[in-house]
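Step one of this worksheet: look at the structure below.
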Amino acid sequence: RYLIQAVNDPSLIVEAEVVWKSSGRTLEYLEYRFDQPQERLLRALGVASNIFQPIERSLHTASPSGVSLNPDEVYQFLLEALPMLEQNQFGVLVPNWWQRAGRLKAKVSLEGADTKEPTGFLGMDSLARYKWELSLGGEPISRQEFEELVALKQPLVRYRGQWVALDPDHVESALRFFEKQSQTGEMDMLDALKLSAGATDSMVEGIEIESIEVNGWLQNLLQRLRDPAQNTPPSIPDSMHATLRHYQVRGFGWIAQMREMGLGACLADDMGLGKTPQTITLWLHERDHLGISRPALLVCPTSVIGNWRHELQRFAPSLRVMAHHGPDRQQGEDFAKAVEQADVVITSYPLLARDCETFAAVRWAGVVLDEAQNIKNPSTRQAQAARALTADHRLALTGTPIENRLSELWSIMQFLNPDYLGSQQAFRSSFAIPIERYNSVTAAETLKQLVNPFILRRVKTDPNIISDLPEKFENKVYCTLTTEQATLYEAVVKEELEAIQSAEDQIHRQGNVLRMLTRLKQVCNHPAHFLKEAGQDGVTDLRGRSGKLNRLTEMLEELIDAGDSALIFTQYAQMGHLLQPYLEESLGSEILFLHGGTPSQQREEIIQRFQAPHGPALFILSLKAGGTGLNLTRANHVFHFDRWYNPAVENQATDRAFRIGQTKNVQVHKYICLGTLEERIDQMIEHKKALADSIVGAGENWISEMSDTDLRELVTLRRDAVEEGD
């Protein structure tokens, strides 16, 4: 049908029959005046006929008011001519049914295969029942009904009292669906999770998903997965020697729930929120409450093996811990027998790859990857070795589940729940490319829904977390010496103990002791520090030579990713001169440095730059130049790279950040080299905290009063704490 429409009042429409019945050069209709309506109608129909050819048939009549169309022409008009007419300023009115005509839609319902919710271990292979339903024009349609419509070979057909258009592409999609996907059946829990998150492209490609319904206990289960706060955590084992904070209790409860369900989990809490005690609580829960006796495997960077051993001894002394590292480590059957006597086995990523057959031969109660970003490249040997492990449960710990690219997330999830995100190629085409290259909101939201049940992420900026954090939280970071450091350390001990024993008098002896302490601390910092290699004006290669520096670099990378700021204290200006250029190159960030030789005016400028909201995030300070008198409240982390064995001096330095005006909680990290005088002096201070002031005094002179025997015991290197270059 043809109509004319008022330009300044689109709601005013006049049928063509009225136009042809009018006489004269104007048409007045409802107080509106159309000039030359018949001529303008004919000219417009001439233009329209060039867009949609069947209109030309009507132009052979004296007063064209419409044209009759066969079904093919109707389909051509609606699908092709309609948008072109609108682009050429024609108004087109279509019936409401066209808005849903031919739109094949699918909906699916999910429920547990069992009528009652399972108790105890659920497992990834537990089943869910699904039912697919396709609709056409809003009406359900079976495969037989659809095939009967397709057999008519008409683009427009009547279905259940209304016209619907069958788009050829939709027809192909529907036929593929019916061929590939049965309308009812069962699937495992991971597939049910994927489906409930909207990951349906491979199942119903080309068909719009109208709804996904989850019913019964399965709905409650999925809701608990997506909102861990709903769960009541198990009771904390009595053998856990620590009081967990409220968010740590919830985190442990979430890990325990995921373990019970047989689902791999990623605990992605911010650095400093306590991933370690939450994991240790899980291990105790497995043994004390679940009756599990097989060992758990922990894989971590070599630099934190000592840290884990100390934390396990501190929080869970009842757990039997075995460290698999060093040249004398056991292999094959000997290893399998040895681990039967352990509750937790600790190893490093390099050794996981090197001894992969030894590890793969054991059925582990659970596997935990600490700093799980170490497997972010799925093609590396250590990532492949991690995926080859056999375990009842898999847990990844990382503050940065995605460092640079989405493929890193895929690699971690592939370890946790194999094939959940599809193949690497499918993940790249479905998510990585749409999100990273085209900023697809839809793909990003689908991916978020897919991975959220498996990742628990809490950040320090969350008021629910911050309100419960201490104002100052101290953390000891245990590091291992490299082989180069150990060789230098033992040479210094031998040389200096001989000098101490042959000292002429007490004054010379005291001087020799303090010189030995200084030289040993320099070795623990970095061989380049002890050897006085280039720092301020020259360049030296510091990589891989110091366990302390390796760990500092790792922690600073995570800190920068989190948008935090930090002070890094060292007693020695020379160490600062080494750290500044190395960290700037490694982290790609400008780093400030304040030391005793900094001119007064420049000192103030450096402080102002750091305190500025968008100033450099890292600030190295020599302890004497920056340990007192400064207000550096922008920092929420303080690193003591080397220790001044006087808690009061260290606290004064920490108070540069932890003082009035600080609005964030301060994390304090004290670095200690295992097996060295640093570890033993720290233990002595800890054991005598109540008498610290009288024992430690104002510096390190108290150490010089020790006997030769006590001094030898203090400084002798414990070889099992040395990194064996694996």
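Within the option set 164, 204, 157, being modelled with pLDDT under 75 and among the β-branched types (Val, Ile, Thr) holds for one residue only, 204. Considering 699, 675, the condition of being modelled with pLDDT of 70 or more and outside any strand (DSSP E or B) is satisfied by 675 alone. Within region 324-343, the presence of a residue that is β-branched (Val, Ile, Thr) and either open to solvent by 10 Å² or more (accessible area, probe 1.4 Å) or in a strand (DSSP E or B) (or both) is excluded.
Could you count how many residues in region 20-42 are aliphatic (A, V, I, L, M) and either in contact (Cβ under 8 Å) with a residue 40 or more places away in the chain or open to solvent by 50 Å² or more (accessible area, probe 1.4 Å) (or both)?
Just the residues of region 20-42 that are aliphatic (A, V, I, L, M), to begin with: 27, 30, 41-42.
Keeping just the survivors that are either in contact (Cβ under 8 Å) with a residue 40 or more places away in the chain or open to solvent by 50 Å² or more (accessible area, probe 1.4 Å) (or both) gives 30, 42.
Counting residues in region 20-42 that are aliphatic (A, V, I, L, M) and either in contact (Cβ under 8 Å) with a residue 40 or more places away in the chain or open to solvent by 50 Å² or more (accessible area, probe 1.4 Å) (or both) gives 2.
Cβ-Cβ distances below 6 Å connect no pair with a first residue in region 179-192 that is farther than 21 Å from residue 419 by Cα, a second residue that is polar (S, T, N, Q) and modelled with pLDDT under 65, and a separation of six or more residues or different chains. Output the residues belonging to region 220-232 that are open to solvent by 40 Å² or more (accessible area, probe 1.4 Å) and either over 20 Å from residue 112 (Cβ atoms) or touching a residue at least 12 places away in the same chain (Cβ under 8 Å) (or both). Across region 220-232, the qualifying residues are 220, 224, 226, 229, 232. Selection of region 653-682 for residues being of a type in the set (Gly, Ala, Ser), buried (at least 23 other Cβ atoms within 10 Å of the Cβ) and farther than 18 Å from residue 620 by Cβ yields an empty set. Restricting attention to region 1-17, and to residues there that are touching a strand residue (DSSP E or B) at 6+ places or on another chain (Cβ under 7 Å) and of a type in the set (Val, Ile, Thr), which single residue is least open to solvent (accessible area, probe 1.4 Å)? Checking each candidate, the answer is 14.
The set of residues in region 141-171 that are within 20 Å of residue 95 (Cβ to Cβ), of a type in the set (S, T, N, Q) and either open to solvent by 40 Å² or more (accessible area, probe 1.4 Å) or in a helix (DSSP H, G or I) (or both) contains only 154. All told, residue 295 falls short of being under 26 Å from residue 356 (Cβ atoms), surrounded by fewer than 21 Cβ atoms within 10 Å (Cβ to Cβ) and in contact with an Asp or Glu (Cβ under 7 Å, 6 or more places away or on another chain). Against the list (1) in contact with a helix residue (DSSP H, G or I) (Cβ under 7 Å, 6 or more places away or on another chain); (2) over 30 Å from residue 325 (Cα atoms); (3) open to solvent by 10 Å² or more (accessible area, probe 1.4 Å), the condition residue 484 fails is (2).
Could you tell me whether residue 379 is under 24 Å from residue 265 (Cα atoms), hydroxyl-bearing (Ser, Thr, Tyr) and touching a Pro at 6+ places or on another chain (Cβ under 7 Å)? Quick ask: steps written out before the conclusion?
Working: under 24 Å from residue 265 (Cα atoms): yes; hydroxyl-bearing (Ser, Thr, Tyr): yes; touching a Pro at 6+ places or on another chain (Cβ under 7 Å): no.
Considered against the rule, which asks whether it is under 24 Å from residue 265 (Cα atoms), hydroxyl-bearing (Ser, Thr, Tyr) and touching a Pro at 6+ places or on another chain (Cβ under 7 Å), residue 379 comes out as no.
The set of residues in region 568-591 that are of a type outside the set (Ser, Thr, Tyr), closer than 23 Å to residue 527 by Cα and outside any helix (DSSP H, G or I) comprises 568, 569, 571, 591. Considering region 233-245, and only residues there that are without any contact (Cβ under 8 Å) to a residue 60 or more places away in the chain and open to solvent by 70 Å² or more (accessible area, probe 1.4 Å), the residue that is nearest to residue 288 (Cα to Cα) turns out to be 238.
Considering only residues that are β-branched (Val, Ile, Thr) and either in contact with a Cys (Cβ under 7 Å, 6 or more places away or on another chain) or farther than 17 Å from residue 69 by Cα (or both), which ones fall in region 152-174?
171
Checking each residue in region 43-96 for being buried (at least 16 other Cβ atoms within 10 Å of the Cβ) and hydroxyl-bearing (Ser, Thr, Tyr) picks out 49, 58, 65, 75. Only a single item in (1) in contact with a helix residue (DSSP H, G or I) (Cβ under 7 Å, 6 or more places away or on another chain); (2) assigned to a loop (DSSP other than H, G, I, E, B) is not met by residue 635, and it is number (1). When 502, 586 are checked against the criterion of being of a type in the set (S, T, N, Q), touching a residue at least 24 places away in the same chain (Cβ under 8 Å), open to solvent by 30 Å² or more (accessible area, probe 1.4 Å) and farther than 19 Å from residue 681 by Cα, 586 stands alone in meeting it.
The values are calculated or read from the model by the stated rules, or taken from the named source; none is laboratory data. Keep in mind it's a predicted model, so treat the numbers as computed, not measured. In this analysis, Cβ positions are derived from the backbone assuming ideal geometry, glycine residues included, and neighbour counts consider all displayed protein chains. What goes into the accessible areas is simple: the full protein's heavy atoms, side chains included, and nothing from ligands, DNA or RNA. Shrake-Rupley method; radii C 1.70, N 1.55, O 1.52, S 1.80 Å.
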